[in-house]
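Colleague: I have a structure here, written as structure tokens, and I will follow up with some questions on it.
Values quoted throughout were computed directly from the atomic coordinates according to the rules given, and no laboratory measurement underlies them. What you see is a predicted model; the values in this text were computed from it and never measured. We place every Cβ from the backbone using ideal geometry, glycine too, and count neighbours over all the protein chains shown.
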Amino acid sequence: MDSCASTGKAILLVVIADGFAAIPTIRKAWRYPETETGITYPTSFVSVLLILPSTVLWNIENSAFQIYLLIIDVILLFAVYRKKFITLFTK
């Protein structure tokens, strides 16, 4: 078995597993955004953005988890701050 293929599959499985593990957090952030710490998700989003330029080779092994984290952070940012965004843009 090719080790690169198995590495890519393993990383994809980690992303899928972590995605399922993030579902309760997303649901809680959507339903009760006031219970979330405000600085956590923007800080995580910025840290992922700072890591992305250091990716030399854009393949599954090097970039899949960072892209996943970026997507999850955007979802969580929207879930926590959506009411503030809506009131900001509807004035």
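Colleague: Condition (residue is surrounded by 12 or more Cβ atoms within 10 Å (Cβ to Cβ), free of Cβ contacts under 8 Å to residues at least 12 places away in the same chain, aliphatic (A, V, I, L, M) and under 30 Å from Arg31 (Cβ atoms)) applied to segment 75-86: is it met by at least one residue?
Modeller: No, there is no match, as no residue in segment 75-86 is surrounded by 12 or more Cβ atoms within 10 Å (Cβ to Cβ), free of Cβ contacts under 8 Å to residues at least 12 places away in the same chain, aliphatic (A, V, I, L, M) and under 30 Å from Arg31 (Cβ atoms).
Colleague: Being in a loop (DSSP other than H, G, I, E, B) and either surrounded by fewer than 15 Cβ atoms within 10 Å (Cβ to Cβ) or among the small types (Gly, Ala, Ser) (or both) is the filter here, so list the residues in segment 27-70 that pass it.
Modeller: Passing the criteria: Tyr32, Thr37, Gly38, Ile39, Thr55, Val56, Leu57, Trp58, Asn59.
Colleague: While we're looking at this one, here's another question. List pairs: first residue in segment 30-42 and touching a residue at least 40 places away in the same chain (Cβ under 8 Å), second residue surrounded by fewer than 12 Cβ atoms within 10 Å (Cβ to Cβ) and in a helix (DSSP H, G or I) anywhere in the structure, Cβ distance under 7 angstrom, at least six positions apart or on different chains.
Modeller: Pro33/Lys83
Colleague: Moving on. Could you give me the residue pairs with C-beta distances under 7 Å whose first residue belongs to segment 49-62 and is under 14 Å from Gly8 (Cα atoms), whose second residue is part of a loop (DSSP other than H, G, I, E, B) and not acidic (Asp, Glu) wherever it lies, and which are 6+ apart or on separate chains?
Modeller: Asn62/Thr55
Colleague: Answer yes if at least one residue in segment 48-70 is within 13 Å of the chain's Cα centre (by Cα) and over 30 Å from Ser6 (Cβ atoms), and no otherwise.
Modeller: The answer is no, given that none of the residues of segment 48-70 is within 13 Å of the chain's Cα centre (by Cα) and over 30 Å from Ser6 (Cβ atoms).
Colleague: Please enumerate the residues belonging to segment 12-47 that are among the acidic types (Asp, Glu) and under 12 Å from the mean Cα position of the chain (by Cα).
Modeller: Of everything in segment 12-47, just one residue is among the acidic types (Asp, Glu) and under 12 Å from the mean Cα position of the chain (by Cα), namely Asp18.
Colleague: Now, a different point. In segment 27-48, which residues are hydroxyl-bearing (Ser, Thr, Tyr) and either farther than 24 Å from Val14 by Cα or touching a strand residue (DSSP E or B) at 6+ places or on another chain (Cβ under 7 Å) (or both)?
Modeller: Tyr32, Thr35, Thr37, listed by residue number.
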